[in-house]
1. Could you tell me the center-to-center distance, by alpha carbons, between the stretch 178-246 and the stretch 438-483 in angstrom?
2. Against the empirical 2.2 N^0.38 Å scaling, what ratio does the C-alpha Rg of the stretch 416-478 come to?
3. Given Cβ point charges of +1 (Lys, Arg) and -1 (Asp, Glu) and nothing else, what value in debye, to the nearest 20, does the dipole of the stretch 32-139 about its Cα centre take?
4. Using the crude model of +1 on Lys and Arg Cβ and -1 on Asp and Glu Cβ, and no other charge, please compute the dipole size for the stretch 305-442 relative to its Cα centre, in debye to 20.
5. Work from the charge dipole of the chain (Cβ charges, +1 for Lys and Arg, -1 for Asp and Glu, about the Cα centre) and give the residue of M417, L124, G48 farthest towards its positive end.
6. Compute the FRET efficiency between S121 and N203 as 1/(1 + (r/R0)^6), taking r as their Cβ-Cβ distance and R0 = 41 Å, and round to the nearest 0.05.
7. Give me the lysines in straight-line cross-link reach of K332: C-alpha distance below 29 Å, same-chain residues under 8 apart excluded.
8. Indicate the gyration tensor shape class of the chain (rounded, prolate or oblate), computed on the Cα atoms with a ≥ b ≥ c the square roots of the eigenvalues: a/c under 1.5 is rounded; otherwise a/b larger than b/c is prolate and the rest oblate.
Amino acid sequence: MVSRVIPVDPFDLVIFGITGDLARRKILPGLFHRALVGQLPEGARVIGSARSDMEQSEFQDMVRNSLLEFAPGTAADTDALNAFLDKLSYVRVDATGGGGWSELAKLLRPDVIRAFYLSVSPSLFGPIAASLNTHGIATPQSRIVVEKPFGHDLETARSLNAELRRNFDEHQIYRIDHYLGKETVQNLMALRFANSLWEPLWNATHIDHVQITVAESIGVGGRGDYYDRSGAMRDMVQNHLMQLLCLTAMEPPSKLSPNAVRDEKVKVIEALEPVAQDDIVRGQYRQAAGNDSYVDHVGNPDSRTESFVAMKVNIGNWRWAGTPFYLRTGKKLRARCSEIVVMFRDPPHMIFPKLEGRRGNALIIRLQPDEGITLRTTIKEPGPGGLRLAEVTLDMTFADALSDGAEAQDAYERLIMDVIRGDQTLFMRGDEVEAAWEWADPLIAGWAEAHQRPHPYDAGGSGPEDALMLLHRDGRRWREMDRADRKDIP
Ligand code: NAP
């Protein structure tokens, strides 16, 4: 299947923090890929900015090296690479008062879309938004993109929202959660709302429970300092897992408009019931199988920060009453695996002999690795010898089904193009972020007050024993996160 590429209108995209990790690893390769597939128009310009002094040739070298490192396959096309570099320029701006704003203003054209991507520390979001305004660089049509984390708690998120809104209207603010740019996450919406098949079953009558897992095999990497002040709850649950939960649980929006979709997501967050401390398991990885422990890694022997969290969440509304959502995320786990598992209830009356080890009907939406969708279903075991049951899967891996791999998009490139198109559907609205913090804050405060230590788990394992018990005590079990342990994925 060949996907269509619709060029966007001419634009000036200013990327603050162009020399940083995110810009070099994701944003620049993403833009280059969009150029390669022909989505960037003649009038597309990218202006990189940071505090360092750089000549245009040095800047181009930095970009070229970044692309060779992070997009090696594509950057080998030197003509395309040079054409892309011609679209780029650099301006030195110090967001904390060192100047550079008038030079930036001179580079911008009056009659094209203006977007400002703040790929810098969140402490600079407010100062940059204010400077763009006071220097007359932001126009009423400009867009501002801010990275995660959006606040550390409700109070900081509110003050960040207020700071941004002093200088930009809500319709100009694009808060990134790159999970929303993933192909499968959007496919969840298509699956639910473009088919009549699922909607009659998408409720507590037919769905026993939902599991949302975002497991990482890597540790905290070079972000130890930041992570130790955040933990899995702030870093993953409040944003990424919450977004996945919302898209799975929300009511069908009346139309595919940014506010119609985001209104429905906010309603889900507001319907979340308080989570009992008994329904949450926090974990921290310890040394095992040649891996350092979390505390060694972050250099804080007394750290009580969780590198793993699992919880049972109930949504108090008509659709989901009695159907729990189990969330689980962690670092240094046995596999990298992000997926949503929708487990259907058993038939009310079974006429067949019991199938040993039967796991039941499940719809599995895989975000990574191997983005795709699997439906586990029960059939008759082939061959003679009576009617025995077997479980098989109907499987769609996007890389196979949408075979035009050259046009596969990374989440970042999709989201940047949405910014240029002015489509906020896949970005978080201010009230949505605040609602998620309002839900998360009391849970975090609860275990801080109790001076709770996270449960230890082996690096490279499946998380703390208690996380398994969270489902076992309800007569359920987690789906294995390691592909090698699963029989239902080819
Ligand atoms: P980083 O590697 O530390 O880069 C920061 C960038 O900001 C550099 O280009 C730096 O260049 C520039 N900068 C620092 N102080 C500045 C100032 N006063 N004025 C202007 N520019 C300044 O950070 P990063 O990892 O790319 O992260 C950027 C943002 O994305 C952060 O909000 C982070 O939380 C978020 N994020 C990152 C990732 C990731 O994978 N890296 C993932 C999700 C979210 P100079 O020092 O030369 O000025």
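1. Between the Cα centres of the stretch 178-246 and the stretch 438-483 lies a distance of 16 Å.
2. 1.75
3. Here the stretch 32-139 has a charge dipole of around 400 debye.
4. 920 debye
5. Farthest towards the positive end: M417.
6. 0.45
7. Answer for K332, where 29 Å is the Cα cut-off: K26, K148, K182, K312, K487, listed by chain and number.
8. Cα axes put the chain in the prolate bin.
The values are calculated or read from the model by the stated rules, or taken from the named source; none is laboratory data. Because the structure is predicted, anything quoted here is derived from the model rather than measured. Ideal geometry is used to build each Cβ from the backbone, glycine not excepted, and the neighbour counts take in all protein chains shown. Please note that ligands, DNA and RNA were not included when accessible areas were found on the heavy atoms of the full protein model with its side chains. Shrake-Rupley method; radii C 1.70, N 1.55, O 1.52, S 1.80 Å.
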